[in-house]
Amino acid sequence: MASVLSYESLVHAVAGAGSVTAMTVFFPLDTARLRLQVDEKRKSKTTHMVLLEIIKEEGLWGSFCVAQAGFKPLASRDSSASTFQSARITGVVNVLLTTPLWVVNTRLKLQGAKFRNEDIVPTNYKGIIDAFHQIIRDEGISALWNGTFPSLLLVFNPAIQFMFYEGLKRQLLKKRMKLSSLDVFIIGAVAKAIATTVTYPLQTVQSILRFGRHRLNPENRTLGSLRNILYLLHQRVRRFGIMGLYKGLEAKLLQTVLTAALMFLVYEKLTAATFTVMGLKRAHQH
């Protein structure tokens, strides 16, 4: 019982509550990001314009898509240098196990969207189970692992983030003896933003492959080989220029930074409140 009520357990519980709160609050930004990645003919370039379009066409609930998506699979968490090897192995296993969930998640999040691209075939799923059934029936069971290859490459995203984080930290420590919480948050946010920007084209291809509902290019429905990824990247650049690879990046960066900020804020507040309650309980016990 003591281990359950330990400080470490409390920290994990509070951090989890902060993470869920932050994810829920800024979920519309993820919806906007996905729309811009998959529906490349959408003319709105800014995040707020896309969100206004979604609210106008699908209502406020459309920007959350929680009811449609039903779940959000867990992603592998960042780790320190000492555990990178095991984190990479865990990341690969995580990708292989959760990709079918992400494919269904992506399809359901985009269901009901007013697509500008006439080459996109809309979906009509009644729920999670029906989505699995239709995908296996119409596209084959391998379609559940669409986007696996870019997802495996993205396992190295935390390594890129950690490399920039350590570099920025060393530069700051040359000028001061100790880093404040604000310093750590800022360099963490900058490192995350750099890693996200560097790998964003892969994330775009990952979303397109998971959705897999374009009439053009039947290759989109395959598992996603390196050749297929390069082909999709080339097609995107040829049709929309280099910035076509970065549609939705603004929403992704906003979500990343704001989620981290809110998560820290909720974490601090919940921790303070929890220890206050625990302190009061101890006082009553004495």
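Read the figures in this text as sums done on the coordinates, not as results from a lab. Bear in mind the structure is a predicted one, so any value in this text is a computation, not a measurement. Neighbour counts run over all protein chains shown; Cβ positions are idealised from the backbone, glycine included.
Sort the following peptides by mean Cβ neighbour count (other Cβ atoms within 10 Å, averaged over residues), highest first: 27-34, 91-98, 154-161.
Top of the packing list down: 27-34, 154-161, 91-98.
What distance in nm separates the simple spin-label points at residue 90 and residue 111, each placed 7 Å from Cα in the Cβ direction?
3.2 nm
Taking amide H positions as placed in the peptide plane 1.01 Å from N, state which residues far from residue 120 in sequence (5 or more) or on other chains have amide H under 5 Å from it.
Amide H to amide H, under 5 Å and 5 or more residues apart or across chains, residue 120 pairs with 215.
If we sort 127-133, 99-105, 239-245 on the protection proxy, mean other Cβ atoms within 10 Å, highest first, what's the order?
For the peptides 127-133, 99-105, 239-245, the packing ranking is 99-105, 127-133, 239-245.
At 7 Å along the Cα-to-beta-carbon direction for both residue 234 and residue 119, put a label point, then send me their distance in nm to one decimal.
Each label point is offset 7 Å from its Cα along the Cβ direction, giving 1.5 nm.
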